[in-house]
Amino acid sequence: MNAPKLKIALQKSGRLSDESNALLKKCGISFSNGLGKLRTEAANFPLEIYFLRDDDIPEYVADGVADIGIVGENVICEDRRAVETIEKLGFGRCRLSLAVPKNFEYESIKDFEGKRIATSYPNILREYFAKNDVVTEIHTISGSVEIAPSIGLADAVCDLVSSGSTLFTNGLKEVETVLSSEAVLIARENLDVTAREILGKLLFRIRSVKSAARNKYILLNAPDAKLDEIVALLPGIKSPTVMPLAASGWSSVHSVINENDFWEVVESLKNKGAEGILVLSIDQMIQ
Ligand code: ATP
Ligand code: MG
């Protein structure tokens with residue numbers, strides 16, 4: 001009998017595909033994803049991979065055709081199927097926003113009262129307006145939502161935005177954020193023990209990749225006279241590693257710093273006399 005495998009659904013081709021594939025590969029899982037391939041098996045991890053349209057992923061996971069999947073939170077919120085969100089993945093960031101024609105003198109959400117709004121996200125939008133006590137006419141269309149106002153189909157749109165350039169090109173301006181979204185790992189309910197075990201191993205790797213991405217490895221030379229002050233700037237995982245250099249009066253300091261503090265810390269290190277600062281990216285960080 002074949003060993004049990006966890007089945008994962010990924011977007012076949014679209015905005016989440018490259019990063020979904022790259023995440024698994026960074027987790028050390030190798031598989032081939034040639035064009036047109038809809039199903040594959042990982043060579044070195046008990047994983048079977050299905051490549052699907054993103055809108056179909058919640059349904060496949062809820063029905064148990066796949067055990068887990070990677071999809072945007074926007075799709076999960078709209079779809080409302082019973083799936084569990086296991087982990088935010090930090091890519092595919094976008095927002096679902098309301099936008100109006102540039103010349104619309106927008107003041108508040110009340111301006112949407114009685115307006116026709118085109119969207120592919122009717123459930124999320126209906127709930128948003130209900131919460132804000134605004135009555136609108138929601139028109140559900142499945143694509144090219146942003147042209148609806150210019151062809152007289154709607155007064156406004158509610159669509160996914162990342163930079164906002166598509167809205168701008170279509171003469172629209174973003175006025176309200178309805179939902180913020182990123183890619184998430186979802187799982188079906190009632191995974192059996194074996195599937196949970198494999199998922200646990202996968203999650204451990206995903207979390208290591210994510211924390212590695214948030215951190216940098218830093219090496220520098222510090223004058224001994226300033227060593228204490230320099231070490232104080234670098235918390236490291238426990239504390240920095242300090243080793244004497246061959247040149248007397250200098251030490252080599254190794255540490256890990258968070259990307260959020262990165263530039264400020266580097267600036268302070270330089271001011272304290274640190275030299276030869278090297279910054280390396282980290283592949284995996286096991287915590
Ligand atoms: P499919 O053919 O799989 O149905 P699609 O055209 O519906 O693909 P994509 O445009 O590839 O979907 O977007 C996939 C997901 O990427 C979105 O659901 C959303 O979570 C995320 N995303 C990130 N940035 C954007 C953006 N600017 N516009 C649309 N989606 C974005
Ligand atoms: Mg889709």
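The values are calculated or read from the model by the stated rules, or taken from the named source; none is laboratory data. Please read these numbers as outputs of a predicted model, since none were measured by experiment. Here the Cβ positions follow ideal geometry from the backbone for every residue, glycine too, while neighbour counts run over all protein chains shown. We work out accessible area using only protein heavy atoms, side chains counted, and drop any ligands, DNA or RNA first. Shrake-Rupley method; radii C 1.70, N 1.55, O 1.52, S 1.80 Å.
Across the stretch 98-121, the residues whose backbone nitrogen lies under 13 Å from the label position 7 Å along the beta-carbon direction of Ile141 are 116-121. Sparse packing (at most 11 other Cβ atoms within 10 Å of the Cβ) combined with a DSSP loop state is found for the following trypsin sites (Lys or Arg not before Pro) in the stretch 219-274: Lys238. Radius of gyration (Cα atoms) of the chain, expressed as a multiple of 2.2 N^0.38 Å: 1.30. Once the 1.4 Å probe is applied to the protein heavy atoms, the chain comes out at 54 Å² accessible per residue. If you line up the long axis of helix 262-271 against the longest principal axis of the chain, both from Cα atoms, how many degrees apart are they, to the nearest 10? Between the helix axis and the principal axis of the chain, the angle is about 30 degrees. What percentage of the solvent-accessible surface of the chain, computed with a 1.4 Å probe over protein heavy atoms, is contributed by carbon and sulfur atoms? The nonpolar share, carbon plus sulfur, comes to 49 percent. Taking each residue as 0.36 nm, the span from Ser165 to Ser239 lengthens on full extension beyond its C-alpha to C-alpha distance by 22.2 nm. Apply 1/(1 + (r/R0)^6) to the Cβ-Cβ distance of Lys270 and Arg207, taking R0 = 45 Å, and write down the FRET efficiency to the nearest 0.05. Here the calculated transfer efficiency is 0.90. Shown here for the stretch 89-136: GluC sites (Glu not before Pro) in loop regions (DSSP other than H, G, I, E, B) with at most 13 other Cβ atoms within 10 Å, namely Glu105, Glu107, Glu113.
Segment Arg80..Trp263, full-extension length gain: 61.7 nm, with 0.36 nm per residue of separation and the alpha-carbon distance subtracted.
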